[in-house]
């Protein structure tokens with residue numbers, strides 16, 4: 001399917017509007033998907049600023065960029081008008097130092113983290129290496145989710161020795177791993193399972209689930225609150241809660257300046273995207289963050305049937 005010439009020209013203009021252009025879901029201040037958040041994290045380490053386009057705000061661009069790049073997923077990174085790849089490729093380029101060279105920034109030296117492997121964990125890991133082969137890799141994403149895997153060495157990893165084992169980290173993971181403890185705990189039936197403790201993992205405040213009726217009660221009480229809509233502008237035009245403000249890059253910056261104890265509620269269509277947004281701000285230190293359970297669909301069903309359901 002060929003891309004409409006007018007849309008191709010528009011995407012051309014967006015790509016060339018900045019030396020570094022990231023097509024993503026959300027904004028660098030408030031990514032709306034984990035893959036976009038990972039690329040934002042990497043670029044934030046390397047550049048003071050760069051261009052971005054929120055594909056959730058424009059359906060034509062969201063679908064057109066996939067045809068334009070011959071790449072089926074978002075995010076997508078362009079440098080000097082050239083497509084570089086999606087999340088996994090950007091991570092690989094960063095890990096190897098190629099992304100830094102492409103952007104013209106020095107490759108930062110990353111110190112090898114201090115890692116402790118308990119005796120019981122070492123037994124389990126040695127058994128896995130012996131039976132499956134490969135080398136032990138530990139990855140830690142921006143949300144501090146840990147994954148252990150076995151595979152070949154790529155050559156750019158940071159290697160750490162502990163309890164007779166060699167553990168390989170990519171650059172991002174190594175910077176999150178200092179003090180990591182890999183242990184083992186009883187999992188029942190006399191079996192043991194690996195555990196991972198990371199002192200660097202943030203202790204995010206919980207995101208509270210708020211029903212549509214509870215949100216209505218807050219509105220009617222006169223209590224100060226902030227309600228934000230993280231859907232696309234198209235969805236916002238289709239159906240909206242009158243008190244809600246649509247989130248864009250400017251609004252995300254305004255949210256960051258609110259008092260940390262401000263009552264903040266996020267909503268989307270059914271509650272998934274708004275949960276991610278709420279978790280983002282909770283991890284940034286906000287202590288009174290809520291997600292509208294069921295989204296605007298629940299609001300239409302339980303509070304205001306005049307709001308269209310879609």
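Nothing in this text is a laboratory measurement; each read-out follows from the coordinates by a stated rule. Being a predicted model, the structure only gives us computed values, none of them experimental. So basically every Cβ, Gly included, is an ideal-geometry build from the backbone, and we count neighbours across all protein chains shown.
Note the angle between two axes, namely the Cα long axis of helix 212-221 and the longest principal axis of the Cα atoms of the chain, as a number of degrees from 0 to 90, rounded to the nearest 10. It is inclined by approximately 60 degrees.
Which length gain, in nm to one decimal place, applies between residue 306 and residue 130 when the Cα-Cα distance is subtracted from 0.36 nm times their residue separation? Display every interim value, and only then the final one.
Working: separation 176, 0.36 × 176 = 63.36 nm, distance 6.38 nm.
Separation in residues times 0.36 nm, less the Cα-Cα distance, equals 57.0 nm.
Please find the FRET efficiency linking residue 221 to residue 287, where r is the Cβ-Cβ separation and R0 is fixed at 25 Å, and quote it to the nearest 0.05. Walk me through the numbers before you get to the answer.
On the way: r = 20 Å, r/R0 = 0.78.
Efficiency for this residue pair is about 0.80.
Computed from Cα positions, the angle between helix 59-69 and the longest principal axis of the chain comes to roughly 40 degrees.
The angle separating the long axis of helix 5-15 from the principal Cα axis of greatest extent in the chain is about 60 degrees.
Normalised by the number of residues in the chain, the mean separation of alpha-carbon contacts (under 8 Å, six or more apart) gives a relative contact order of 15 percent.
Give me the tail of P(r) for region 5-103 as a percent: Cα-Cα pairs with distance above 15 Å. That tail contains 57 percent of the Cα-Cα pairs. With the chain treated as a Gaussian network of Cα nodes joined by springs under 10 Å, which of 164, 51, 179 yields the largest mean-square fluctuation? With Cα springs under 10 Å in the chain, the top fluctuation among 164, 51, 179 is at 164. Note on the chain: helix-only mean residue ellipticity at 222 nm, from DSSP H runs of 4+ residues weighted -39500 (n - 2.57) and normalised by residue number, equals -10500 deg cm²/dmol. Note on residue 153/residue 238: beta-carbon distance plugged into 1/(1 + (r/R0)^6) with R0 of 41 Å gives a FRET efficiency of 0.20.
Using 0.36 nm times the number of residues separating residue 73 and residue 98, minus their current alpha carbon distance, what extension gain do you get? Please report the intermediate quantities before stating the final value.
Details: separation 25, 0.36 × 25 = 9.00 nm, distance 2.17 nm.
Going from the current span to full extension adds 6.8 nm.
With both labels modelled 7 Å from their Cα along Cα-to-Cβ, the residue 108 to residue 201 distance reads 2.3 nm. Considering every alpha-carbon pair of region 107-246, the percent of pairs per 5 Å bin, from zero through the bin containing the longest distance, is 2, 8, 14, 15, 12, 8, 6, 6, 8, 9, 8, 3, 1. For the pair residue 141 and residue 166, a Förster radius of 25 Å applied to the C-beta separation gives a FRET efficiency near 0.70, rounded to the nearest 0.05.
Summarising the overall dimensions of region 115-197 from its C-alpha atoms, the Rg and Dmax are 12.5, 40 angstrom. P(r) for the chain, from all Cα pairs and a bin width of 10 Å, is 5, 22, 25, 24, 17, 6, 0 %, short bins first. Build a GNM of the chain with springs between Cα atoms under 10 Å: which of 144, 281, 35 gets the top mean-square fluctuation? Between 144, 281, 35, it is 144 that shows the largest mean-square fluctuation.
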